[in-house]
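See structure below.
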Amino acid sequence: MPASRTEVAVTQESLTPDTAAAVLALAVLGEDADGIAPLSEQVLLRVRHASTRPTHLVARLRGAGAGTADGAGALVGYLVLQPGGGERAAELVAELVVHPAHRRHGIGRALLGAALDVVSANERRGTTLKIWAHGDRPEAAALAEHLGFVRDRILLQMRRPTSTPLPDVSVPDGVRIRTFRPGADDDAWVVLNARAFADHPEQAYVTVEDLRERQQESWFDPAGFFLAERVEDDRLVGFHWTKVHERPAPAGEVYVVGLHPDAQGTGLGLALTVTGLAHLAALGLPIVLLYADETNAGAVRMYERLGFRTHHTDVEYARRVVDRAG
Ligand SMILES: CC(C)(COP(=O)(O)OP(=O)(O)OC[C@H]1O[C@@H](n2cnc3c(N)ncnc32)[C@H](O)[C@@H]1OP(=O)(O)O)[C@@H](O)C(=O)NCCC(=O)NCCS
């Protein structure tokens with residue numbers, strides 16, 4: 001434990017443009033220090049749009065002269081708390097980051113303590129608080145375990161060089177693949193996505209509003225968003241949404257692949273995946289990455305056959321919140 005501890009105040013804040021900019025800057029500092037982004041894309045979107053949907057907890061240095069960049073009032077820690085697992089689940093999910101120059105001063109513990117207070121004050125007994133730790137770093141494990149959280153879910157980030165040749169695959173009979181038409185395909189895609197991910201803790205709950213938020217992002221490109229539809233009635237039966245990252249280095253991503261339950265086991269998942277990988281390779285990107293749940297053995301096996309290998313893991317920690325003392 002360090003001899004002197006940084007004094008901070010943790011408060012729940014709505015995001016002003018200045019605070020949102022400071023949170024985004026903190027996320028970049030954390031990524032530069034740790035080699036891994038501490039906040040997920042979904043959280044960064046919520047911050048950038050100053051969304052009031054999640055709870056934003058902010059740690060600021062105490063003292064006079066609030067508002068300066070690195071003096072009193074400076075933002076040195078951030079924790080976001082959002083509902084997880086859909087409307088009915090008693091579950092909240094946190095992500096947090098502490099300024100690299102202010103670590104081991106109790107700020108992470110203070111932020112998580114404040115999150116536990118919010119949960120026990122506002123939620124029903126038995127709510128589970130979860131925390132995502134990107135990169136499975138030892139300091140995250142130490143903090144989570146120190147506060148009584150246990151490892152609950154493991155997400156693999158897998159990668160594949162685009163120089164690896166792709167297999168020849170054919171699209172199943174009666175199905176064609178085309179690209180997404182913004183506006184025209186929004187509603188049908190949200191319905192298909194909910195069917196495809198009925199058991200998924202996050203993806204099943206993507207709304208038309210969420211889809212439109214993503215369409216406004218600079219990376220959104222309908223030319224890399226592939227839909228599979230039945231020839232006989234144009235009904236959507238699958239999709240492969242790809243993404244291009246500029247930072248920290250250019251890379252493509254298998255962002256989401258989803259199939260209607262009726263289309264599973266037909267070879268369409270492989271055909272859609274390969275179509276998207278060929279598109280990303282044609283853009284000249286050196287690698288393609290993706291995220292897969294460690295327990296999703298079928299998907300992991302398909303990706304391994306296509307040459308993907310695990311690059312790192314993200315861990316979700318969980319703790320049931322009975323009351324503040326519990
Ligand atoms: C993980 C993180 C949030 C910790 O923040 P922090 O302010 O440095 O943590 P604290 O000072 O509150 O640490 C509280 C306790 O956690 C444990 N801990 C935290 N960092 C540790 C480390 N590097 N090594 C060993 N134990 C550590 C200790 O038990 C510590 O108590 P102590 O200092 O009295 O021994 C910070 O390193 C960070 O932002 N990492 C990148 C983002 C991330 O991993 N987020 C997910 C967090 S679960």
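The values are calculated or read from the model by the stated rules, or taken from the named source; none is laboratory data. Here the structure is a predicted model, which is why all the values come from computation and not from measurement. Cβ atoms come from the backbone with ideal geometry, glycine included; neighbour counts cover every protein chain shown. For the accessible areas, the whole protein counts, side chains as well, though only heavy atoms, and no ligand, DNA or RNA atoms are used. Shrake-Rupley method; radii C 1.70, N 1.55, O 1.52, S 1.80 Å.
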Inside region 185-214, can you point out the residues that are of a type outside the set (A, V, I, L, M), surrounded by 15 or more Cβ atoms within 10 Å (Cβ to Cβ) and modelled with pLDDT under 95? PHE197, HIS200, PRO201, TYR205, GLU213, ARG214
Only residues in region 154-171 that are of a type in the set (Lys, Arg) count as the first member; pair them with residues that are surrounded by fewer than 17 Cβ atoms within 10 Å (Cβ to Cβ), Cβ under 6 angstrom, at least 6 apart or cross-chain, and list the lot. ARG159/HIS311
VAL98 - would you say it is within 8 Å of the ligand (Cβ to nearest atom) and at pLDDT 95 or above? yes
Taking the criterion of being on the phi < 0 side of the Ramachandran plot, away from the ligand (no atom under 12 Å from the Cβ) and surrounded by 19 or more Cβ atoms within 10 Å (Cβ to Cβ), would at least one residue in region 27-38 satisfy it? no
What is the residue count in region 111-147 for residues that are near the ligand (Cβ under 7 Å from one of its atoms), open to solvent by less than 40 Å² (accessible area, probe 1.4 Å) and of a type in the set (A, V, I, L, M)? 4
List the number of the failed condition for THR242; all other conditions in (1) modelled with pLDDT under 95; (2) hydroxyl-bearing (Ser, Thr, Tyr); (3) within 22 Å of the chain's Cα centre (by Cα) hold. (1)
Yes/no for GLY298 being at pLDDT 95 or above, surrounded by fewer than 19 Cβ atoms within 10 Å (Cβ to Cβ) and outside any strand (DSSP E or B): no
Looking only at region 236-274, which residues are touching a residue at least 24 places away in the same chain (Cβ under 8 Å), part of a loop (DSSP other than H, G, I, E, B) and over 25 Å from GLY284 (Cα atoms)? HIS260, THR266, GLY267
Based on what the data block shows, is PRO182 open to solvent by 50 Å² or more (accessible area, probe 1.4 Å) and under 20 Å from LEU283 (Cα atoms)? no
